[in-house]
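A.B. asks: What follows is a structure written as structure tokens; I'll ask about it next.
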Amino acid sequence: MTNKLRIGVIGAGSISDQHLNAYRRNPRAELAAVCDKNADRAREKAEKHGVPRAYADYRELLANPGIDAVSVCTWNDSHAEISIAALEAGKHVLCEKPLCTTVEEALRVEQAAKRSGKTLQVGFVRRYGANTRIVKAMADRGEFGELYYAKASCIRRLGNPGGWFADKERSGGGPLIDVGVHVIDLCWYLMGRPKAKSVSGNTYAKLGNRANVQNLAYYKSSDYDPALNTVEDLANALIRFENGASLLVDVSFALHAKEDELSVKLYGEKGGVELEPALTFVTERCDTILNMTPQIDHLSFDFASGFRDEIDHFVEACRGGEPTLSPVEDGVEMMKILCGIYESAEKGEEIRL
Ligand SMILES: NC(=O)c1ccc[n+]([C@@H]2O[C@H](COP(=O)([O-])OP(=O)(O)OC[C@H]3O[C@@H](n4cnc5c(N)ncnc54)[C@H](O)[C@@H]3O)[C@@H](O)[C@H]2O)c1
């Protein structure tokens, strides 16, 4: 390895800009190549960020010995294949969430990571947010006591991005695997990663993508096609852990809700905490309940600094510093939970993991 970690970014769509911007400002990283199966997109993205090489086939990028590490920012159905090939080519991997679309794939990625001895970091970017780091440090010091209950919602009333996100074949599912993965992981991580024992979930496809709605803007993927939608529009679940803790979650792409909602709340024996919508600590002193607001720059997750911190951490992990905060094992565990929820919804019964 030269002094700088030489990076290839595979998948040049929306999220790749966050990766490219963060690598660009990291003095220990150097952008070497961009790849997208859409060759024009790869070329344009390389030009925009001043990256010297553009590829249309990720295998060619991986064959370049001048690349030490890659970010995988492609559709979910190619995460496992590309991550395994990259590890086998001797590259470190930062794989966007979700790790992949099935437990079998996840286990194969884990084996490839172990065999290669390279770093595989899962893109659980919310773990790297300032608000999460503060709560994690407090949880590790026992400030909340045992965190035995968590509740998370990520409700979009109108927010099916369309394109591959709405195609189960390429995404692996709808809001549960796309945004549920973030909030479930966040709660599970802060609860101390207890072993999940069982899941009971429901999915609904009642409203479709609500492409008929006018006068309200929402994010659409680059290749939006309203005719295509094979994913759920709502999912909910109760996850039980071996230590007795539980997590309740609901997420949607479409729902007759009054407004969008993002909330992540954890409750412990000595205190509680709300990470979203705004970091707040709740406790009791002298027979009085206190709600406390920390004085920090962003009380909610800040996208740009979250990605910068995630990528700075990845670069250091690849350079032999601390092991990654979001290792492949956690990606595997998350796939067991997510796939368990889909299985439970399909069978209409609780699933033991
Ligand atoms: N961490 C986050 O907060 C966050 C936010 C958005 C998206 N994501 C994840 O990032 C990934 C990409 O999402 P996006 O919003 O950028 O999607 P996007 O559709 O904007 O971009 C994906 C790109 O990948 C390319 N691609 C697909 N398969 C490929 C392959 N085999 N080889 C080369 N290129 C390929 C597509 O042509 C497209 O340009 C997804 O896994 C998504 O879940 C994460």
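A.B. asks: Which of (1) within 18 Å of the chain's Cα centre (by Cα); (2) in a loop (DSSP other than H, G, I, E, B); (3) under 21 Å from Arg41 (Cα atoms) is the odd one out, the single condition Cys100 does not satisfy?
C.D. replies: (3)
The rows are residues; the columns are (1) of a type outside the set (D, E, K, R); (2) at pLDDT 95 or above; (3) surrounded by fewer than 24 Cβ atoms within 10 Å (Cβ to Cβ).
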{"site": "Ile155", "(1), (2), (3)": "yes, yes, yes"}
{"site": "Leu158", "(1), (2), (3)": "yes, yes, yes"}
{"site": "Asp167", "(1), (2), (3)": "no, yes, yes"}
{"site": "Ile177", "(1), (2), (3)": "yes, yes, no"}
{"site": "Gly180", "(1), (2), (3)": "yes, yes, no"}
{"site": "Asp185", "(1), (2), (3)": "no, yes, no"}
{"site": "Met191", "(1), (2), (3)": "yes, yes, yes"}
{"site": "Pro194", "(1), (2), (3)": "yes, yes, yes"}
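A.B. asks: Follow-up. Being part of a helix (DSSP H, G or I), under 30 Å from Gly173 (Cα atoms) and touching a helix residue (DSSP H, G or I) at 6+ places or on another chain (Cβ under 7 Å): is that true of Asp330 here?
C.D. replies: no
A.B. asks: What pairs come out if I take residues in segment 155-172 that are at negative phi and away from the ligand (no atom under 12 Å from the Cβ) and pair them with residues that are among the aliphatic types (A, V, I, L, M) and part of a loop (DSSP other than H, G, I, E, B) whose C-beta lies under 7 Å away, six or more apart or interchain?
C.D. replies: Ile155/Leu255; Ile155/Ala257; Arg157/Leu255; Arg157/Ala257; Leu158/Val213; Leu158/Leu216; Lys168/Val231
A.B. asks: Is segment 55-62 home to any residue that is surrounded by fewer than 22 Cβ atoms within 10 Å (Cβ to Cβ), outside any helix (DSSP H, G or I) and away from the ligand (no atom under 15 Å from the Cβ)?
C.D. replies: Checking segment 55-62: not a single residue is surrounded by fewer than 22 Cβ atoms within 10 Å (Cβ to Cβ), outside any helix (DSSP H, G or I) and away from the ligand (no atom under 15 Å from the Cβ).
A.B. asks: If Asn3 satisfies every condition in (1) closer than 16 Å to Cys318 by Cβ; (2) buried (at least 18 other Cβ atoms within 10 Å of the Cβ) but one, which is the exception?
C.D. replies: Here Asn3 clears every test but (2).
A.B. asks: Here is a follow-up. When only residues in segment 205-250 that are within 22 Å of the chain's Cα centre (by Cα) and among the acidic types (Asp, Glu) count, which is farthest from Asp178 (Cα to Cα)?
C.D. replies: Out of the qualifying residues, it is Asp223.
A.B. asks: Here's something else I'd like to know. Determine, yes or no, whether Ile15 is surrounded by fewer than 22 Cβ atoms within 10 Å (Cβ to Cβ), within 12 Å of the ligand (Cβ to nearest atom), closer than 24 Å to Tyr128 by Cβ and within 22 Å of the chain's Cα centre (by Cα).
C.D. replies: Taking the combined requirement at face value, the residue satisfies it.
A.B. asks: Given the structure, is Arg210 at positive phi and away from the ligand (no atom under 16 Å from the Cβ)?
C.D. replies: yes
A.B. asks: Could you list all residues from segment 264-276 that are out of contact with any Cys (no Cβ under 8 Å at 6 or more places or on another chain), closer than 23 Å to Met334 by Cβ and not β-branched (Val, Ile, Thr)?
C.D. replies: Across segment 264-276, the qualifying residues are Lys265, Tyr267, Gly268, Glu274, Leu275, Glu276.
A.B. asks: Is segment 142-149 home to any residue that is under 22 Å from Glu343 (Cβ atoms) and not hydroxyl-bearing (Ser, Thr, Tyr)?
C.D. replies: Within segment 142-149 (the criterion being under 22 Å from Glu343 (Cβ atoms) and not hydroxyl-bearing (Ser, Thr, Tyr)), the answer is no, since none of the residues qualifies.
A.B. asks: Being more than 16 Å from the ligand (Cβ to nearest atom) and either assigned to a loop (DSSP other than H, G, I, E, B) or closer than 27 Å to Ile84 by Cβ (or both): is that true of Lys220 here?
C.D. replies: Considered against the rule, which asks whether it is more than 16 Å from the ligand (Cβ to nearest atom) and either assigned to a loop (DSSP other than H, G, I, E, B) or closer than 27 Å to Ile84 by Cβ (or both), Lys220 comes out as no.
A.B. asks: Additional query: Looking at the structure I just gave you, is Glu104 among the acidic types (Asp, Glu) and either touching a strand residue (DSSP E or B) at 6+ places or on another chain (Cβ under 6 Å) or more than 10 Å from the ligand (Cβ to nearest atom) (or both)?
C.D. replies: yes
A.B. asks: On the given criteria, is Ser78 farther than 22 Å from Ala113 by Cα, within 11 Å of the ligand (Cβ to nearest atom), outside any strand (DSSP E or B) and hydroxyl-bearing (Ser, Thr, Tyr)?
C.D. replies: no
A.B. asks: Now for a separate question. Please count how many residues of segment 107-143 are within 14 Å of the ligand (Cβ to nearest atom), outside any helix (DSSP H, G or I) and among the aliphatic types (A, V, I, L, M).
C.D. replies: Total meeting the criteria: 1.
A.B. asks: I've got another one for you. In segment 110-120, is there at least one residue being in contact (Cβ under 8 Å) with a residue 24 or more places away in the chain and under 30 Å from Leu299 (Cα atoms)?
C.D. replies: Among the residues of segment 110-120, at least one is in contact (Cβ under 8 Å) with a residue 24 or more places away in the chain and under 30 Å from Leu299 (Cα atoms), which makes the answer yes.
A.B. asks: Regarding segment 64-72, can at least one residue be identified that is touching a helix residue (DSSP H, G or I) at 6+ places or on another chain (Cβ under 7 Å), more than 14 Å from the ligand (Cβ to nearest atom) and closer than 22 Å to Asp330 by Cβ?
C.D. replies: Within segment 64-72, one or more residues are touching a helix residue (DSSP H, G or I) at 6+ places or on another chain (Cβ under 7 Å), more than 14 Å from the ligand (Cβ to nearest atom) and closer than 22 Å to Asp330 by Cβ.
A.B. asks: Check whether at least one residue in segment 189-198 is in a helix (DSSP H, G or I), under 30 Å from Ile296 (Cα atoms) and out of contact with any Pro (no Cβ under 8 Å at 6 or more places or on another chain), and report yes or no.
C.D. replies: Scanning segment 189-198 turns up at least one residue that is in a helix (DSSP H, G or I), under 30 Å from Ile296 (Cα atoms) and out of contact with any Pro (no Cβ under 8 Å at 6 or more places or on another chain).
The values are calculated or read from the model by the stated rules, or taken from the named source; none is laboratory data. Just so we're clear, the structure is a prediction, and the values are computed from it rather than from any experiment. Virtual Cβ from ideal backbone geometry, glycine too; neighbours counted across all protein chains shown.
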